[in-house]
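A short write-up of the structure that comes next.
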Amino acid sequence: MVKPSGTKQRIQDAARELFTSKGVRNTSLQEIAARLGITKPALYYHFSSREELVRSIVQPLIDEGEAFLLRQEALDEIAPRALFEEYFDFHYRHRELIVLVMSELTTLSELGLIRIVLAWRERLTVLLTGPDPSLALAARAVMALGGLQDCTVQFRDAPEDELRVAAVDAACAVLGG
């Protein structure tokens, strides 16, 4: 993954903060430029549109999520607890961005992110349950994955190590193991 230049990173940081507090649609590129003390054309030099800027902020999440899935799919045997632990770690690292994603579903749907996340859930469910699970088992896998992800944003003040143990234990219990 290529690290953005200093100015590009500053733009992304300011945009992420404004998008989180005001929403993507309620934040103008002019507002982002003004916060940084740069001109709007200077911002356009780095990002041609708000959509490109949003995509650049979300892309590391997509890239890391895909890498996580590919690692899991390459394993000869899936250990649900280990998968849940890595899944928790991924979401915990990106919990601020996940809050943004959850609050901007329409915008992010337009960028194709919702489709990607749903495809990830399907792939993870197959890894946890096999290719042809019962509806009950598939539902437990979806509940375990969704609940685990939700814990990373719901319990923001909990110590990470305690939250990881509690969330992973709960996911394993929901899955049935």
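Assign unit charges at the C-beta atoms only (+1 for Lys and Arg, -1 for Asp and Glu), then state the dipole size of the chain relative to its Cα centre in Debye, rounded to the nearest 20.
Dipole about the Cα centre, nearest 20: 800 debye.
Positive contributions from Lys and Arg (+1) and negative ones from Asp and Glu (-1), summed over other residues with Cβ under 15 Å from the Cβ of T125, come out at 0. Estimate the FRET efficiency between Q9 and A173 by the formula 1/(1 + (r/R0)^6), using the beta-carbon distance for r and 30 Å for R0, to the nearest 0.05. That gives a FRET efficiency of 0.15. Kirkwood Rh over alpha-carbon pairs of the range 46-87, then Stokes-Einstein at 25 °C and 0.890 mPa s: what D in µm² s⁻¹, rounded to an integer? Stokes-Einstein gives a translational diffusion coefficient of 202 µm²/s.
Solvent-accessible surface of the chain, taken per residue with a 1.4 Å probe and all protein chains present: 55 Å². Over the range 121-177, all Cα pairs binned in 5 Å intervals from 0 give whole-percent P(r) values of 4, 21, 28, 20, 14, 9, 4, 1, listed from short to long.
Per the Cα gyration tensor, the range 86-167 maps to an equivalent ellipsoid with semi-axes of 22, 19, 9 Å, ordered largest to smallest. Using R0 = 41 Å, the C-beta based FRET efficiency linking L137 and R25 works out to 0.55. Near E110, once Lys and Arg are set to +1 and Asp and Glu to -1 for all other residues with Cβ below 14 Å from its Cβ, the sum equals +1. Rolled with a 1.4 Å probe across the full set of protein chains, the surface gives Y92 an accessible area near 30 Å². Take the solvent-accessible surface of the protein heavy atoms, probe 1.4 Å, and return the percent of it on the chain that carbon and sulfur atoms account for. Answer for the chain: carbon and sulfur cover 57 percent of the accessible area.
Convex hull volume of the C-alpha atoms in the range 1-63, normalised per residue: 76 Å³. Its Cα gyration tensor gives the chain an equivalent ellipsoid; the semi-axes, largest first and in whole Å, are 35, 16, 14.
The values are calculated or read from the model by the stated rules, or taken from the named source; none is laboratory data. The shown structure was predicted, so the numbers you read here are calculated from the model rather than taken from an experiment. With ideal geometry, Cβ positions are generated from the backbone for all residues, glycine too; neighbour counts draw on all protein chains shown. Surface accessibility is based on the protein's heavy atoms, side chains included, excluding ligands, DNA and RNA. Shrake-Rupley method; radii C 1.70, N 1.55, O 1.52, S 1.80 Å.
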